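So the structure is just underneath, and the comments pick up after that.
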Amino acid sequence: MKQELFDLLPELREISDSDLQEKTIKVWQEAIKGGGWKIEDLTLIPFTLLIENISVNLIEHTRAVAMCCAEIAAALEKMYEGRVTIKKDYLLAGALLHDVGKLLEFKKEKERVVKSREGKLLRHPISGAALAYSLGLPQEVIHVIAAHSKEGDGARRSVEAVIVNHADFLNFDIFKL
Ligand SMILES: [Fe+2]
């Protein structure tokens, strides 16, 4: 399944720390297993259930958020050289994992994707963070997952979490129009 995940999410290869890359893949694998999905389901899962008939799947959304994060980080570092520190590996791993909890929040019912019982109780930032915690991801990455959505609004987000939060909403709001 590892090779298939690299094919689906080529940005995984850009995580330079091999241990972090391995653990990021592990979270995806466990979320797939935990949610009862097959690898081929991943491109059929809508990235959100909040926009009817959305044409963007979870993999496309995850990749777009990761790409936006990398570009935002590059622009900020270019302009604010020496005044902003962005940990690229944490940013990328956090971006690639920010919505992994949706594999637990959603379930397949007949041919439709709907909210699972778990999803009604624990939204994806919580289940994703819990899964990442159980698999030993760095706290900086768990923080990005936990704080990327409205759940993190009361928290003091790290710079990496701020970037993922904005990149995520950017990739949501443009489809809400
Ligand atoms: Fe997202």
In the structure displayed, which of Lys23/Lys110; Lys23/Lys176; Lys88/Lys115; Lys78/Lys102; Lys23/Lys150; Lys26/Lys176 lie more than 30 Å apart, Cα to Cα?
Lys23/Lys110; Lys23/Lys176; Lys88/Lys115; Lys78/Lys102; Lys26/Lys176
By counting other Cβ atoms within 10 Å of each Cβ, how are Phe172, Phe106, Phe6 ranked from fewest to most?
Phe6, Phe172, Phe106
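With 22 Å as the cut-off, how large is the P(r) tail for the stretch 1-96, expressed as percent of Cα-Cα pairs?
Here the tail beyond 22 Å accounts for 36 percent of pairs.
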Could you work out the relative contact order of the stretch 2-173? I mean the mean sequence separation of Cα pairs under 8 Å and 6+ apart, divided by the number of residues, in percent.
24 percent
Residue-normalised 222 nm signal for the chain, counting each DSSP H run of n ≥ 4 as -39,500 (n - 2.57), nearest 500 deg cm²/dmol, is -17000 deg cm²/dmol
Out of Leu121, Leu12, Leu91, any idea which swings most in a Gaussian network model of the chain, alpha carbons joined below 10 Å?
Leu121
What is the dipole size for the chain, taken about its Cα centre, with +1 at each Lys and Arg Cβ and -1 at each Asp and Glu Cβ, in debye to the nearest 20?
540 debye
Per the Debye formula with a single identical scatterer at each Cα and no solvent contribution, what log10 I(q)/I(0) holds for the stretch 89-153 at q = 0.18 Å⁻¹?
-0.60
Would you work out which of Leu135, Val159, Ser18 lies farthest towards the positive end of the dipole of the chain? Charges go on Cβ: Lys and Arg +1, Asp and Glu -1.
Leu135
For the stretch 55-177, what is the convex hull volume of the alpha-carbon atoms per residue, in Å³?
117 Å³
Let me have the relative contact order for the stretch 102-177, percent, based on Cα pairs under 8 Å that are six or more residues apart.
20 percent
Looking at the chain, identify the longest residue range that excludes and avoids all GluC sites (Glu not before Pro) in DSSP loops having at most 15 other Cβ atoms within 10 Å.
112-177
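Read the figures in this text as sums done on the coordinates, not as results from a lab. Quantities reported herein were computed from a predicted structural model and do not represent experimental measurements. Glycine also receives a Cβ, built like all others from the backbone with ideal geometry; neighbour counts cover every protein chain displayed.
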